[in-house]
1. Of the conditions (1) touching an Asp or Glu at 6+ places or on another chain (Cβ under 7 Å); (2) at pLDDT below 95, GLY136 fails just one. Which one is it?
2. What are the pairs with Cβ atoms under 9 angstrom where one residue, in the stretch 259-285, is among the small types (Gly, Ala, Ser) and the other, located anywhere, is part of a helix (DSSP H, G or I) and surrounded by 16 or more Cβ atoms within 10 Å (Cβ to Cβ)? Sequence gap at least six, or different chains.
3. On the given criteria, is LEU116 crowded, with 17+ Cβ neighbours inside 10 Å, touching a residue at least 40 places away in the same chain (Cβ under 8 Å) and over 25 Å from PRO265 (Cα atoms)?
4. Restricting the search to the stretch 173-202, which residues are within 15 Å of SER14 (Cβ to Cβ) and either touching a Cys at 6+ places or on another chain (Cβ under 9 Å) or surrounded by fewer than 22 Cβ atoms within 10 Å (Cβ to Cβ) (or both)?
5. Can you find a residue that is under 29 Å from GLU271 (Cα atoms), in contact (Cβ under 8 Å) with a residue 60 or more places away in the chain, out of contact with any His (no Cβ under 7 Å at 6 or more places or on another chain) and part of a helix (DSSP H, G or I) anywhere in the stretch 58-71?
6. Can you find even one residue in the stretch 89-104 that is buried (at least 18 other Cβ atoms within 10 Å of the Cβ), modelled with pLDDT under 95 and not charged (D, E, K, R)?
7. For the stretch 354-369, how many residues meet the condition of being in a loop (DSSP other than H, G, I, E, B) and of a type outside the set (D, E, K, R)?
Amino acid sequence: MDMHALKEEIIKYSQAIGIDKIGFTTAAPFTDLKARLYQQRTLGYQSGFEEKDIELRTEPTQIMPEAQSIIAIALAYPTKMPHRPENTKGKRRGNFARASWGQDYHDVLRERMKKLEAYILNRVPDAIVQSMVDTGALSDRAVAERAGVGRVGKHTNLITKEFGSYVYLGELLTSLRFPSDTPIEDLCGECNLCVDKCPSGALVQGGQLNAQKCIAFLTQKKDFIPEPYRKAIGNRVYGCDTCQQVCPYNRGVDFHHHLEMEPDPEKVKPELKMLLGLSNREFKERFGSMSGSWRGKKPIQRNAIIALGNYKDATAVTLLIDCLLRDPRPVIRGTAAWSLGKIAKADSEVLQKVLDVFQQAMISETDDQVLKEIEHSKKELIN
């Protein structure tokens with residue numbers, strides 16, 4: 001079979017099914033990536049969400065022994081919405097990162113990948129194919145970079161020349177041996193904006209991320225967010241776009257190629273106080289189709305509480321008191337104490353009310369971390 005001709009057929013078909021960019025590479029080991037991943041582990045910079053087995057992440061044939069090639073794909077997602085809901089005093093809103101706009105991108109990419117798989121198997125019935133999207137062991141960015149789809153920038157996201165870094169990535173392992181595409185050159189040069197503007201200093205240096213400091217990862221963890229990073233959360237309830245927003249390759253970038261990715265303004269810019277009262281069922285019904293819902297409602301609600309504290313929103317005091325005194329989850333109670341402290345420090349009218357509530361909560365509270373949060377907030381108010 002003429003593999004050059006088949007490759008061109010696949011490229012043409014990929015465009016017909018809504019794949020914005022495609023590239024081909026070998027299934028050889030990702031040697032350089034392996035060294036970096038072991039270094040990240042040694043430094044304690046990993047997020048905890050990634051595949052633990054570094055050999056599996058960097059050796060494609062451990063996933064598929066017959067693998068000869070990897071096909072990388074990219075889909076561009078939108079960065080702007082035509083109508084943004086107002087963010088006003090008393091009705092403060094949170095923010096979902098753009099990567100969580102629209103339908104869960106895992107589903108969108110899987111649908112495209114399944115079509116690509118079916119096309120290849122129709123052309124070559126005895127081929128072996130296996131697709132992966134984000135949750136697979138391989139590094140989507142490393143595969144896409146080697147396949148010439150783009151280049152990983154200093155912000156650790158893949159930059160494409162056409163769509164900037166606002167792209168979702170997936171890959172398909174196959175037993176077919178395709179001609180490989182050529183990786184593109186470095187795109188960042190001397191630019192260091194993403195490193196300089198990172199709100200939490202998570203970009204240790206160009207291309208190296210300490211995920212333990214990264215706002216995007218912190219908003220997804222279920223435990224308490226360390227106090228030094230809470231101000232940097234701002235009004236983010238899921239993810240962070242700062243390093244991408246400042247990237248010169250993303251200036252003016254806004255592609256609306258896929259209807260499934262279009263944002264619902266009320267979902268991606270939700271009212272913060274509304275988030276606090278959602279039941280599990282209500283949360284799933286409203287936000288379950290978004291990728292940002294994958295960790296459940298607790299991290300979103302905790303982040304909303306932090307955002308209300310950052311806004312110094314006195315209209316949320318009653319709700320936050322209810323969280324502190326009645327919520328069964330220590331993370332929510334403790335974070336509410338922090339937020340109430342920030343609001344009371346900025347608004348003398350609620351100061352005494354909050355201090356009284358702290359006194360009440362300390363009598364009944366049994367969780368050590370929550371008690372520490374209350375004591376710390378109380379100390380800041382009376383000093």
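1. Against the list (1) touching an Asp or Glu at 6+ places or on another chain (Cβ under 7 Å); (2) at pLDDT below 95, GLY136 comes up short only on (1).
2. Hits for this filter: GLY277/LEU319; SER279/LYS297.
3. Spelling it out, LEU116 is indeed crowded, with 17+ Cβ neighbours inside 10 Å, touching a residue at least 40 places away in the same chain (Cβ under 8 Å) and over 25 Å from PRO265 (Cα atoms).
4. Selection gives PHE178, ASP181.
5. No, the stretch 58-71 contains no residue that is under 29 Å from GLU271 (Cα atoms), in contact (Cβ under 8 Å) with a residue 60 or more places away in the chain, out of contact with any His (no Cβ under 7 Å at 6 or more places or on another chain) and part of a helix (DSSP H, G or I).
6. There is no residue in the stretch 89-104 that is buried (at least 18 other Cβ atoms within 10 Å of the Cβ), modelled with pLDDT under 95 and not charged (D, E, K, R).
7. Residues meeting the conditions: 1.
One line per residue, one yes/no per condition, for (1) surrounded by 23 or more Cβ atoms within 10 Å (Cβ to Cβ); (2) over 24 Å from LYS221 (Cα atoms); (3) among the hydroxyl-bearing types (Ser, Thr, Tyr):
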site	(1), (2), (3)
MET290	no, no, no
LEU319	no, no, no
LEU355	no, yes, no
THR366	no, no, yes
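The values are calculated or read from the model by the stated rules, or taken from the named source; none is laboratory data. Computed from a prediction, not measured in an experiment: that's the story for all the values here. Please note: Cβ atoms are built from the backbone with ideal geometry, for glycine as well, and neighbour counts cover all protein chains shown.
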